Structure formats: C-alpha cells, structure tokens
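Undergrad: One structure follows; several queries about it will come next.
The values are calculated or read from the model by the stated rules, or taken from the named source; none is laboratory data. As the structure is a computational prediction, the values presented were derived from the model and not from experiment. Reconstructed Cβ throughout: ideal geometry from the backbone, glycine too, with neighbour counts over all protein chains shown.
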Amino acid sequence: MAFSKIMLIGNLGRDPEMRYTPAGKPVTQFSVAVSHSRPDGQGGWLDEGTDWYRVSVFGDRAERSAEQLRKGNKVFVEGRFKTREFEGKNGEKRLSLDVTADNVISLERRSRDDEGGFTGAPAAGGVPAGGGVPRPPADDTDLDDLPF
C-alpha cells in the first residue's frame with residue numbers, strides 16, 4: 001500500500017478556472033505559490049525562491065473554490081501530490097508539481113460588509129458560506145456598539 005499526502009500554505013497565482021469533465025463533473029484549477037525564506041543572521045530574511053503548484057479540485061469543492069477564491073488569496077491546500085514531466089516551449093524538459101486537492105480552505109480574513117454581514121467566507125472544504133463562528137472584533141471596535 002502506498003500513501004501520498006501534501007499540505008501547502010501559499011497564495012493563488014491566478015484566479016481559479018472552472019471547467020467540466022466529459023461526464024459533467026466540475027473541476028477547478030489554480031496555481032499556488034509557496035515562498036521559502038530563512039533568517040539571514042542579522043535580523044532579516046533571505047528569499048530562497050518560490051515553488052509553484054498546479055491544484056485541481058473536483059465536485060462541490062470545485063464550485064465553491066471557483067466562486068470564493070481570487071488571485072493573491074492565501075489558502076491552505078491538502079491533497080495528493082504527483083510530479084509530471086513535460087516539454088517546454090523551447091524543447092527543454094520541465095517538471096510540473098500537481099496536487100489533487102481533498103481540502104481547500106481560504107486563510108483570508110473575513111470582513112463585515114455595509115449591512116453588518118460577513119464577506120469573504122472560507123472556501124471549499126472549510127466552513128460553508130454564512131456559517132461558522134464570526135471573528136472577534138478588531139481592537140478599535142467599541143464593544144457597546146456590538147449587536148449582542
């Protein structure tokens with residue numbers, strides 16, 4: 001028996017694109033950038049580069065991901081990982097890091113809209129839109145103004 005699992009925290013490199021398989025099953029694809037850095041020993045950080053992952057999400061999670069995620073959003077992705085070799089435009093061999101997501105959770109802070117409701121609900125695999133526990137108010141909120 002074999003097991004392959006990957007967990008990523010990174011930022012979307014482009015807006016998700018949703019398509020349908022020939023059988024009519026939704027699939028959403030997006031890219032996630034994971035940056036690597038380390039302390040430089042002088043109180044700063046050295047950038048060690050960025051890895052890019054192609055993420056595919058299927059079914060209901062695909063629809064929610066396409067609706068709720070946008071380029072630049074920070075996300076947590078959990079899924080199965082495999083590499084794929086292909087030939088680049090100039091004929092050189094390239095490697096693609098592909099993830100089939102079992103779980104995608106938006107790590108973006110939710111904010112209140114003009115009517116007091118929450119916007120920016122967590123994405124596929126996380127708390128459904130309109131559900132979950134609201135975040136505590138920011139430090140500058142007067143607690144006497146809260147509706148509860």
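Undergrad: Just to be sure, is Gly88 under 23 Å from Glu108 (Cα atoms) and either in contact with a Lys or Arg (Cβ under 8 Å, 6 or more places away or on another chain) or without any contact (Cβ under 8 Å) to a residue 40 or more places away in the chain (or both)?
TA: For Gly88, the condition - under 23 Å from Glu108 (Cα atoms) and either in contact with a Lys or Arg (Cβ under 8 Å, 6 or more places away or on another chain) or without any contact (Cβ under 8 Å) to a residue 40 or more places away in the chain (or both) - is not met.
Undergrad: If the requirement is being at pLDDT below 85 and either touching a helix residue (DSSP H, G or I) at 6+ places or on another chain (Cβ under 7 Å) or surrounded by fewer than 16 Cβ atoms within 10 Å (Cβ to Cβ) (or both), which of these qualifies: Gly59, Gly116, Gly126, Gly91?
TA: Result: Gly116 is the single residue among Gly59, Gly116, Gly126, Gly91 that is at pLDDT below 85 and either touching a helix residue (DSSP H, G or I) at 6+ places or on another chain (Cβ under 7 Å) or surrounded by fewer than 16 Cβ atoms within 10 Å (Cβ to Cβ) (or both).
Undergrad: Sticking with this structure for a sec: Are there any pairs with C-beta distances below 6 angstrom linking a residue in region 50-73 that is closer than 14 Å to Ile9 by Cα and touching a residue at least 12 places away in the same chain (Cβ under 8 Å) to a residue that is buried (at least 16 other Cβ atoms within 10 Å of the Cβ) and among the β-branched types (Val, Ile, Thr), with the two at least 6 apart or on different chains, and if so which?
TA: Tyr53/Val32; Tyr53/Val99; Val55/Val32; Val55/Val77; Val55/Val99
Undergrad: If you check every pair at least six apart or on different chains, which have Cβ atoms under 9 Å apart with a residue in region 11-27 that is within 11 Å of Gly59 (Cα to Cα) first and a residue that is small (Gly, Ala, Ser) and in a loop (DSSP other than H, G, I, E, B) second?
TA: Close Cβ pairs (under 9 Å, with a partner that is small (Gly, Ala, Ser) and in a loop (DSSP other than H, G, I, E, B)) amount to Lys25/Gly59; Pro26/Gly59; Val27/Gly59.
Undergrad: Let me ask you something else. Here are Ala101, Ala66: which of them is at pLDDT 90 or above, in a helix (DSSP H, G or I), of a type outside the set (Phe, Trp, Tyr) and surrounded by 16 or more Cβ atoms within 10 Å (Cβ to Cβ)?
TA: Ala66
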